[in-house]
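The block underneath contains the structure these notes are about, expressed in structure tokens.
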Amino acid sequence: MAVDHYENFPVASVLLPRRLRRPVTDIYRYARAADDIADEGDASDEQRLASLAAFRAELHRIGAEPGSVPAAAPELAPIFAPLARTIARHQLPITPFFDLLSAFEQDVTVKRYDDYATLLDYCSRSANPVGQLMLHLYDAATPQNLEQSAAICTGLQLVNFWQDVRLDWRKQRVYLPAADLRRHGVSEEDLAACRLTPAWRALMAFQVDRTRALLHSGAPLARRLPGRIGLELRMVVQGGLRILERIERNGYDVFMNRPELGPKDWAVMLWRCIGPSRDALRPSTSGERR
């Protein structure tokens, strides 16, 4: 298994309380469908944006009639009718849904990122709304929790970028900030040729270290949330950390060795979550081998 942001939804997880499985599924269905519009198939950019505009119209319809289930366009009713009920029943803010949509629209029109700040801005809309919505469902949307959730969600999104460098290149996208490429002496021609140069390894080591630090900055949230919810989040964080370890162990070759998690990795992750160590989300080092 790889780390993919929308696959980190705890849909149908045995760790998820039964009362939350339906709303989480409704949110996931919306995010997955919109993401697929932006990424999958052979539609033109204009067609993708038109389809996403229809999603935006449905969100406005829900927002205009809070607490109700407004009629959706027939082809979109399987997504938006249950989503409207979930938003109303759990009093979820609608802004995160608009934020997600703006990120999917950006995926269609923006293929490069000048610097880390612009990439973080994208993540604040493509990833962080997921954590916001989960915390609202858990009745745990405090300022501290939201801040640490944002660190985890952004970190997971970055992990996905680093493991998918080659796949994104095929979609004509580069999420590595242009400023970082220049600073490390890596060109887009190097990406196209899959060159594992010392400069590339230094660039990826920098990204891995920065992303790991981000995940660890949000980790206290996973330890603070109680019961199965906390364990779910600890496993998700450990999944991101484990992928970063895989990238390191492969010598930063994400071109021919896209890191994925197997049964051994899941066993290690579970041990780190429930083992005897008091700090189950302890930082790992590049030299650690388990």
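Structure above, values below:
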item: For segment 221-264, size of Cβ-based charge dipole, Lys and Arg +1, Asp and Glu -1, in debye; result: 260
item: ALA33-LEU20 pseudo-label distance in nm [points 7 Å out on the Cα-to-Cβ vector]; result: 2.3
item: Point-charge dipole on Cβ atoms (K/R +1, D/E -1) for segment 131-290, about Cα centre, debye to 20; result: 360
item: Surface share of carbon and sulfur [accessible, 1.4 angstrom probe, percent] for the chain; result: 55
item: Label-point separation, LYS111 to ARG56 (7 Å along Cα→Cβ), nm; result: 2.2
item: Additional length obtainable on full extension of the chain from ARG89 to ALA202, 0.36 nm per residue less Cα span; result: 35.8 nm
item: Accessible area (Å², per residue) of the chain, counting only protein heavy atoms and a probe of 1.4 Å; result: 44
item: Overall form of segment 33-186 per C-alpha gyration tensor (a/c, 1.5; a/b vs b/c); result: oblate
item: Most to least packed among 135-146, 117-128, 239-250, 73-84 [average Cβ atoms within 10 Å]; result: 239-250, 117-128, 73-84, 135-146
item: Entry for log10 I(q)/I(0) by the Debye sum over Cα atoms at q = 0.06, 0.09, 0.11 Å⁻¹ (calculated from the structure that is shown) out of [x] -0.28, -0.60, -0.83; [y] -0.42, -0.62, -0.75; [z] -0.20, -0.45, -0.67; result: [z]
item: FRET efficiency, THR118 to ASP139 (Cβ-Cβ, R0 41 Å, nearest 0.05); result: 0.75
item: Rel. contact order, % - alpha carbon contacts under 8 angstrom, at least six apart, the chain; result: 19
item: FRET efficiency for ARG228 and GLU40, using Cβ-Cβ distance with R0 set to 35 Å, rounded to 0.05; result: 0.60
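The values are calculated or read from the model by the stated rules, or taken from the named source; none is laboratory data. All of these numbers come straight from a predicted model, not from anything done at the bench. Quick reminder, even Gly has a Cβ in these numbers, built from the backbone with ideal geometry, and neighbours come from all protein chains shown. Areas reflect the complete protein model, heavy atoms only, side chains present, ligands, DNA and RNA absent. Shrake-Rupley method; radii C 1.70, N 1.55, O 1.52, S 1.80 Å.
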